[in-house]
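One structure is given below, encoded as C-alpha cells.
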Amino acid sequence: MRANGVGPVTFLKLIEKFGSPEKVLGAKASELAQVEGIGIKSSERILSNALSLDVSHELEMANANGAYYITIQDSRYPKALKVINDPPPVLCVKGTLSSDDSLAVSIVGSRRASYYGSEQASRFAYLLASSGFTIISGMARGIDTAAHRGAINAKGRTIGVQGCGLGKVFPPENKELFEQISHYGACISELPFDMGPKRENFPARNRIIAAMGMASLIIEASLRSGAMITARLSLEYNRDVMVVPGRIDSPLNQGSHKLIKQGARLVDTIEDCMEALGYIGEGLIDHVSTKSKQLLRETQKPRCDISKLNLTDAESSILEFLGAKSLHLDSIIRGLDIPVGLINASLMSLRLKGLLRQLPGNVFIRA
C-alpha cells in the first residue's frame with residue numbers, strides 16, 4: 001500500500017496475476033512488467049519501494065493505538081467496497097465493522113456549514129441511525145461532524161472515513177469525536193498509519209464514502225466541493241442521490257440545487273428518505289445483507305409512479321428505446337435523433353431519478 005506506483009487497480013491486477021502479495025514480491029521485474037499497465041521501469045520501482053518498507057513497524061504502530069489492518073480477502077472487509085472497480089486493497093480500522101453496515105447512508109456536505117445545514121445533518125443522521133442505518137461520513141468539519149454526532153446521539157452506528165492515516169486526526173479538534181466514532185462503529189483509512197492529511201488524498205477518500213452507502217444524502221454542497229464528487233461517484237456505483245434543499249441565495253447550496261435540477265431526490269423528511277431507500281432495497285444493491293433487506297421491507301413504500309416524474313421528451317425517448325435491453329452509449333446516440341449533449345444530460349437525469357443504471361463500459365440499462 002506504500003509502494004510507489006501501486007494504486008488499488010494495479011494492486012488487484014497484480015494479485016489476479018500472481019495470487020498473493022508474497023508472490024508479487026517474489027516475482028522478477030520482467031514478470032511484473034507483463035501485467036497490463038506496468039512497464040519494466042514501473043516494475044523495478046515497485047520492487048525497490050516495496051522491499052524498503054517496514055511492514056512490522058506499520059503493524060506495531062496500529063496495534064499500539066488500538067487499530068488493526070484488514071485486507072480485501074478478510075471476511076470483515078465491507079462487501080460494499082468489494083463491488084467497485086478500485087476497492088482499497090487494505091484498510092486500517094479502529095473500532096468494529098459489522099455485516100449490518102451494509103444498511104448504510106452516506107451524509108456529506110460543506111465544511112463551512114450553516115447552522116441550518118448542521119442541524120439538518122444531525123437530524124437526518126439521528127433519525128436514520130435510530131431506524132437501524134449506519135451513517136457514513138468523512139469526519140470533516142461542518143456537515144460530516146454533525147452527521148457523526150447525530151448518529152452517536154441516537155446510539156446508532158457510524159463510520160468515519162479519514163483522508164489521512166489513523167495515526168493522525170483531521171481536523172485535530174475532532175480527536176474526541178474520533179474516539180466516539182471508534183466506540184459506536186469504526187474509523188477507517190486506506191492510507192499508511194502515520195500519513196498526514198494531503199489534498200490529493202481526499203477525492204479518493206470520497207469514493208469509499210460513496211461506495212459504502214446505499215445512497216448519499218447531500219446537505220449544503222457548493223458547485224466545486226467534495227460533496228459533489230461524492231454525488232458523482234454515487235451515481236457511478238449505482239447508488240441513489242438525495243438532497244436536502246437550502247437557501248437559494250447561498251453559495252453553499254448551488255451544487256445541491258444543481259443536483260435537484262438534474263433529477264436527484266429532494267428530501268425534507270425522514271419519510272422521503274425511507275421511500276427512496278425502500279425503492280433501492282427492491283434489488284439494486286446486491287451486497288445488502290438479508291437482515292438489512294428485511295428492515296428495508298418493513299419501512300418500504302410502493303415504488304413511485306413514473307408518470308409523476310415529469311420526464312422530458314428526450315428522457316422518455318431514451319427509456320422507450322432501451323426497453324428491456326442494455327445498450328452502449330454509442331448505440332443510443334446512433335439510434336435516436338437527439339443531440340449528443342441532450343442525450344448525455346438526459347442519461348444523467350434518468351440515473352439521478354433512479355430509472356437508469358450505468359454498467360461498466362458506458363452501457364446503460366433500465367433500473
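Tabulated data
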{"quantity": "Distance in nm between pseudo-label sites at GLU271 and GLU36 (7 Å out along the Cβ direction from Cα)", "calculated": "5.0 nm"}
{"quantity": "Loop-located trypsin sites (Lys or Arg not before Pro) in the range 320-366 whose Cβ has at most 12 other Cβ within 10 Å (DSSP)", "calculated": "LYS325"}
{"quantity": "Inter-site label distance for ARG76 and ARG199 at 7 Å from Cα along Cβ, in nm", "calculated": "3.5 nm"}
{"quantity": "ALA64-LEU329 pseudo-label distance in nm [points 7 Å out on the Cα-to-Cβ vector]", "calculated": "4.9 nm"}
{"quantity": "Added length on full extension, which subtracts the Cα-Cα distance from 0.36 nm per residue, SER56 to SER250", "calculated": "64.9 nm"}
{"quantity": "In Å, descending, principal axis extents of the Cα set of the range 93-298", "calculated": "43, 41, 30"}
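Read-outs throughout are calculated quantities, based only on the coordinates presented, and are distinct from any laboratory measurement. Owing to the predicted nature of the structure, the values given are computational and were not obtained by experimental measurement. All Cβ positions, even for glycine, are placed from backbone atoms using ideal geometry, and neighbour counts span all protein chains on display.
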